[in-house]
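Before any comments, here is the structure.
The values are calculated or read from the model by the stated rules, or taken from the named source; none is laboratory data. Note that the coordinates shown come from a computational prediction; the quantities given were computed from them, not determined experimentally. As a convention, Cβ positions derive from the backbone with ideal geometry for all residues, glycine included, and neighbour counts pool all protein chains shown. For the accessible areas, the whole protein counts, side chains as well, though only heavy atoms, and no ligand, DNA or RNA atoms are used. Shrake-Rupley method; radii C 1.70, N 1.55, O 1.52, S 1.80 Å.
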There are 2 protein chains.
Amino acid sequence: MRSLAKALLGRRLANREGEERRIGAFEGVPAMGLDGLGSSSYGPEAALTILAAAGTAGLAALGPIIAAIVALLAILYFSYRQTIAAYPTNGGAFTVARETFGAGASLLAAAALMIDYVLNVAVGISAGVGALTSAVPSLQPQTLPLCLGILALLTLINLRGTLDAGRAFALPTYLFLASFALLLGLGLYRLLATGEVAPVVAPPPPRPASEPLGWWLVLHAFASGCTAMTGVEAVSNGMGAFRDPAVRHGRRTLLAICGALGLLLIGIATLATAYGIGAMDQTQPGYRSVLSQLAAAVLGHGWLYYTAIGSLLCVLALSADTSFTAFPRLCRSVAQDGYLPRAFAVAGRRLVFSAGILYLAATAALLLILFGGITEHLIPLFAIGAFLTFTISQAGMVVHWRRLDATAATRRHRLPLLVNAAGALATGIAFCVILVAKFSEGAWITLLAVPATIAGLLLVRRYYDRVAAQERAAGPLRLAQRSPPVVIIAMAGRSRMADEALRFALDLSPDVVAVHLTALEGGEDPDRAAALRESWRHDVEDPAARAGLTPPRLVVLPATYRRAEEPLLKLIGELRPKMPGRRVAILIPELVKRRWYQHLLHTHRARRLRRRLLAHADPEIVIIIIPWAGD
Amino acid sequence: MRSLAKALLGRRLANREGEERRIGAFEGVPAMGLDGLGSSSYGPEAALTILAAAGTAGLAALGPIIAAIVALLAILYFSYRQTIAAYPTNGGAFTVARETFGAGASLLAAAALMIDYVLNVAVGISAGVGALTSAVPSLQPQTLPLCLGILALLTLINLRGTLDAGRAFALPTYLFLASFALLLGLGLYRLLATGEVAPVVAPPPPRPASEPLGWWLVLHAFASGCTAMTGVEAVSNGMGAFRDPAVRHGRRTLLAICGALGLLLIGIATLATAYGIGAMDQTQPGYRSVLSQLAAAVLGHGWLYYTAIGSLLCVLALSADTSFTAFPRLCRSVAQDGYLPRAFAVAGRRLVFSAGILYLAATAALLLILFGGITEHLIPLFAIGAFLTFTISQAGMVVHWRRLDATAATRRHRLPLLVNAAGALATGIAFCVILVAKFSEGAWITLLAVPATIAGLLLVRRYYDRVAAQERAAGPLRLAQRSPPVVIIAMAGRSRMADEALRFALDLSPDVVAVHLTALEGGEDPDRAAALRESWRHDVEDPAARAGLTPPRLVVLPATYRRAEEPLLKLIGELRPKMPGRRVAILIPELVKRRWYQHLLHTHRARRLRRRLLAHADPEIVIIIIPWAGD
């Protein structure tokens, strides 16, 4: 077991190794950016799918919509740049909101983000696998196993640590960036330098318009395109992963992700408009994604095309990795405040928060299995949480700057305040647009899930508060008069194990009672008890008396129900009134089973007795175990 | 959990209730006789299947063969009647052989019987289900689930106790006996009184002869027919189940089983010969068993026919019950001698040996699943074990009587000796015939399985002997100079739980070390440790000094690997050389989790620490648990 864990996860890391395990921007982009970069493929596609209803007029609207999205992205970049600097150890919306608005807003942000991250894993993986199976249709029946396989891979690599994940996913990430830089650069060069717009492989003609291009359609397309921006907040949640100087590494990572995403969006929108590439109907055979049409239009069907599309597939399938980096760190902050189980705040074997990783994997696996690996219907639920958090986080930063200004009595933070205010306003409006546009498609489910999650978080906190109140020890230690415990030994007869127990008991207390239980196996065994009684005086009482100790008493009790617990607890009940104020210690010699067959060959009475006494949960009845494994 | 067990198995019985749970002959016949009675159907059928090769000449040989079998049965009856009286608490071959021939022969008998009992469960159930599915062919695809369902039913009822099983199966047993008494009586009456041999429904004509009726064929048919006698020894193994006077109840049960079986065999043989009923080919469609043909010949296809055949089906399907009565009691005897795990000798919740019942069910289920519920190929393996045990048991009784005569200096036991000698000789010859006749069909597997089983039994015994030698405490208790242990408390900080531990530690010893571990969650928490240090003097050391106690020392240790075990074991390693000859007691305050959500909301550090220290298995490092469940 232990060597298997070592092979899969690597050796257990010491706390002091934490610093070496932190990441820079090179690993930061794969570890936190895959969601953002991958969404460059489905953001424009989602917008074009809505716009397709308006035919060529719709296609013409893509430019302005993407421009608005990129502008929003720019505002977000500058906003988060400031947030990171202001909260360099943990700049997530949960922390910002707690510091500025208090617990309520922080829980709202935490719940929205937690739901979004879980959805992102399920949707990201199934979208990646969907793209793969549409490229290789023979893999279609294996959809769910493929999804779960990728999930298992992500889980395992992330359990090894964020550094390992960042390194493992660097190749597909940078290959994707390089090939799309080449693709878009080539296309834009041809377009701008030569004015040539003849595609190498022509895209299919656009579908005919079925409705005019109205405001509602544009807003809806904008809301759908905004999914391209989810994942941008991941850097702020994952600040704990960066090595010193964390702010610089974090800002670089954020710049790389936002910059690349912005350029990708601009390039895609320009070329799609120029080549007249529209969204095809996914439910029809022969479907090809916008980026696939675009790559074919620029590159034809050569190896470069396959490299670009292959690396895109990888990025899509691995986009869930962003959740694996940000979610556990978010949960840690929430758990440190007592709203999630404490296990979420404990750094695991590899100094990452394993409980969060495993919980994320388990919930995502559940979603994937429930929906058979096809989670398109979950997409509308998505992005709402992200934009809600954007808004809360930016608004919190506005309060943050105002407070700083209020205490410093100057207005040094005027510009940052304006940037964050602009961010809050823009993302707030976007949030309202998305909510309205997607409400009937399923966004209302998120609106129900968020309060339910908050209720859960509050229940956890209430439990911890109650326990803390119960356990609190105030003031000096109270000490009553000192008296040794009454020691009861459960023994099957004289043996080296039992002798060890007797010696220890005599060290502890002058009141030792050895209990021999008869009929534990159901049958009568009067000889054995009689023989034990016989030898007790010579072999135990006399030596104890000679050593100046009070001799231990032997009590023979029948185990009416072949269980040791009942007669022992009954005996304790009889002893306690006679010895008020004294604890009872039950001494159990326990044979430690080191080999599998020992579990079959020995009864488990000692363990059962220990469990039952533990479950009895009386601090006045103490359990003492003397482990014994033979020679 | 506990209420489910109660609903399924009934309440836990006290040892004193054992007497009321014992059975008489009325329950004894269903509990121990179903195997024997059921085999009346397949014994003659097996003989006729062999004889079919010789055509009508073969059918004529059935009478003498069945006569020989009935004669053997009579000898067995008288032999076992004596054995029961000689060993009234446990007359099984294992006990008899141990008392007379010693351990080797007893293990041979035990191994042969154990294998036979397991086979009997698998073969009995699958034969019963086979008969059912040949009557209702639509059930064919459900063969395995039906087999496992019946196995589960038998297991459950037997776990409730032999009395419950005997009562539950009384109805089909006595219905079977009554209807076949009527059937055979009516047939014989017609045959003898009126000489009429015209069947109501005519059996199919016999198959043509393919070889002459030689000695080998007759011996082979005899060997196959002898399967009718398996299960006769069950009464001797199950003697512990009878209420006082056990010998009388046992003898009555044995008489009922052997008498009924003998009469059934005689009646079947006579009528089958008279009506010219032969065995049909089971692999051909339209197959009907010998008893089905016989019942139709006597009764036609009325309700009486269906009653007889229906009760026969029940008896066949439940014939495994005999194993469930005898096997656990055999295993108990073997376990009491140390050749099987001790759990087999422990009377369970309902005063039956649950471990044996569960083991039997598990092995039989494994066989059924491996063979898909069709275990015909196991039939040749069968009966060998039974006849080997018959022979050993009877031969042992011969030695028993000779010993009694030798001590008494008279020859009072001449007649019993002759009866058992005849039994040993007859069953010994039958054993050789069966072994030779069935060797190539698979009997050799039994010859391999028996020594393998014996080897396993010997290994178990060797282990227990080694443990006993290690654990044996001889002579008076050795006591060194008395000194209290060094007590180490693992504590997260001051709390009511930790205060309880401190008070108890101060009761035990003047040397108390409280260990506070930092960085257990991975992050640094210097404030907490500093605060604890600060308050330790005022809140713990001073009160202890005022109470006249040595103040407990506070040690702050970093948990480098976020585990409590390593730093604690290291500390113990450092302390022990300074305090030679003194034990170390690690005091763990453990929060008892009473509700499911507590398992999620608390880390399991106390439990893990306890487990690791137990696995360390050093009797000088004692583990003390103070259970705590809040208010």
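Quick notes
- Applying the set (1) more than 8 Å from every other protein chain (Cβ to nearest Cβ); (2) surrounded by 15 or more Cβ atoms within 10 Å (Cβ to Cβ); (3) in contact (Cβ under 8 Å) with a residue 60 or more places away in the chain; (4) not in a helix (DSSP H, G or I) to A:GLY581 leaves exactly one unmet item: (2).
- Residues of the stretch B:366-403 satisfying the condition of being open to solvent by 20 Å² or more (accessible area, probe 1.4 Å) and of a type in the set (Gly, Ala, Ser): B:GLY372, B:ALA395
- Some residue of the stretch B:591-606 being more than 47 Å from the chain's Cα centre (by Cα), free of Cβ contacts under 8 Å to residues at least 24 places away in the same chain and open to solvent by less than 30 Å² (accessible area, probe 1.4 Å): no
- Condition check for B:TYR87 on (1) open to solvent by 30 Å² or more (accessible area, probe 1.4 Å); (2) modelled with pLDDT of 90 or more; (3) not small (Gly, Ala, Ser): one failure, at (2).
- Yes/no for B:ALA362 being under 20 Å from B:LEU113 (Cβ atoms) and touching a residue at least 60 places away in the same chain (Cβ under 8 Å): no
- Taking the stretch B:1-72 and the helices (runs of 4 or more DSSP H) fully enclosed by it, the elements with 2 or more residues that are within 14 Å of chain A (Cβ to nearest Cβ) and either charged (D, E, K, R) or buried (at least 20 other Cβ atoms within 10 Å of the Cβ) (or both) are at B:2-9.
- A:LEU108 vs. criteria in contact with a Leu (Cβ under 8 Å, 6 or more places away or on another chain), open to solvent by 30 Å² or more (accessible area, probe 1.4 Å) and part of a helix (DSSP H, G or I): yes
- Listed by position, the helices (runs of 4 or more DSSP H) inside the stretch A:285-363 whose residues that are within 31 Å of the chain's Cα centre (by Cα) and hydrophobic (A, V, I, L, M, F, W, C) number at least 1 are A:303-318, A:321-336.
- The set of residues in the stretch A:519-529 being over 54 Å from the mean Cα position of the chain (by Cα) and either over 19 Å from A:ALA490 (Cβ atoms) or surrounded by 15 or more Cβ atoms within 10 Å (Cβ to Cβ) (or both) consists of A:GLY523, A:GLU524, A:PRO526, A:ASP527, A:ALA529.
- Pairs with Cβ under 6 Å, 6+ apart, first in the stretch A:563-576 and in the same structural domain as A:ILE621 (by TED's automatic domain parsing), second of a type in the set (Gly, Ala, Ser): A:ALA564/A:ALA490; A:PRO567/A:ALA559
- Residue satisfying condition, being of a type in the set (A, V, I, L, M) and closer than 11 Å to B:GLY373 by Cα, within set B:LEU132, B:LEU163, B:LEU146, B:LEU159: B:LEU146
- Any hit, the stretch B:463-471, residues being more than 10 Å from every other protein chain (Cβ to nearest Cβ) and among the charged types (D, E, K, R): yes
- Taking the listed residues A:ARG562, A:ARG537, A:ARG576, the one that is surrounded by 14 or more Cβ atoms within 10 Å (Cβ to Cβ) and more than 10 Å from every other protein chain (Cβ to nearest Cβ) is A:ARG576, with no other qualifying.
- All positions within the stretch A:433-462 that are within 14 Å of chain B (Cβ to nearest Cβ) and among the charged types (D, E, K, R): A:ARG461, A:ARG462
- Pair list, Cβ < 8 Å and 6+ apart or interchain, from the stretch A:180-192 residues that are assigned by TED's automatic domain parsing to the domain that holds A:VAL298 to residues that are open to solvent by 50 Å² or more (accessible area, probe 1.4 Å) and of a type in the set (Asp, Glu): A:ARG190/A:GLU196
- Flag: B:ASP511 matches the condition of being among the charged types (D, E, K, R), in contact (Cβ under 8 Å) with a residue 40 or more places away in the chain and away from chain A (no Cβ under 11 Å).
- Scanning the stretch B:418-433 turns up no residue that is more than 30 Å from B:ALA74 (Cβ to Cβ) and open to solvent by less than 10 Å² (accessible area, probe 1.4 Å).
- Of all residues making up the stretch A:607-631, the number that are without any contact (Cβ under 8 Å) to a residue 24 or more places away in the chain and more than 7 Å from chain B (Cβ to nearest Cβ): 3
- Check on B:LEU171, under 17 Å from B:SER319 (Cβ atoms) and either among the aromatic types (Phe, Trp, Tyr) or in a helix (DSSP H, G or I) (or both): yes
- Checking A:ALA547 against (1) modelled with pLDDT under 90; (2) more than 7 Å from every other protein chain (Cβ to nearest Cβ); (3) more than 51 Å from the chain's Cα centre (by Cα); (4) open to solvent by 30 Å² or more (accessible area, probe 1.4 Å), the condition it does not meet: (2)
- The listed residues are B:ALA317, B:ALA345, and the only one of them that is buried (at least 22 other Cβ atoms within 10 Å of the Cβ), among the small types (Gly, Ala, Ser) and out of contact with any Leu (no Cβ under 8 Å at 6 or more places or on another chain) turns out to be B:ALA345.
- Some residue of the stretch A:493-516 being in the same structural domain as A:ILE586 (by TED's automatic domain parsing) and on the phi > 0 side of the Ramachandran plot: yes
- The requirement of being in contact with a helix residue (DSSP H, G or I) (Cβ under 9 Å, 6 or more places away or on another chain) and modelled with pLDDT of 90 or more is fulfilled nowhere in the stretch B:475-483; no residue meets it.
- Condition check for A:GLY231: surrounded by 24 or more Cβ atoms within 10 Å (Cβ to Cβ) and on the phi > 0 side of the Ramachandran plot: yes
- Boolean, B:ARG251 is charged (D, E, K, R), surrounded by 18 or more Cβ atoms within 10 Å (Cβ to Cβ) and in the same structural domain as B:VAL200 (by TED's automatic domain parsing): yes
Yes/no matrix, rows are residues, columns are (1) closer than 23 Å to B:LEU351 by Cβ; (2) among the basic types (Lys, Arg); (3) surrounded by 16 or more Cβ atoms within 10 Å (Cβ to Cβ); (4) modelled with pLDDT of 90 or more:
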| site | (1), (2), (3), (4) |
| --- | --- |
| B:ASN158 | yes, no, yes, yes |
| B:ASP164 | yes, no, yes, yes |
| B:LEU171 | no, no, no, yes |
| B:ALA181 | no, no, no, yes |
| B:LEU188 | no, no, yes, yes |
| B:ALA193 | no, no, no, no |
| B:PRO203 | no, no, yes, no |
| B:GLU211 | no, no, no, no |
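- Residues (within 8 Å of another protein chain (Cβ to nearest Cβ) and either in contact with a Gly (Cβ under 8 Å, 6 or more places away or on another chain) or farther than 17 Å from A:VAL622 by Cα (or both)) located in the stretch B:584-606: B:ARG594, B:TYR597, B:LEU600, B:LEU601, B:HIS602, B:THR603
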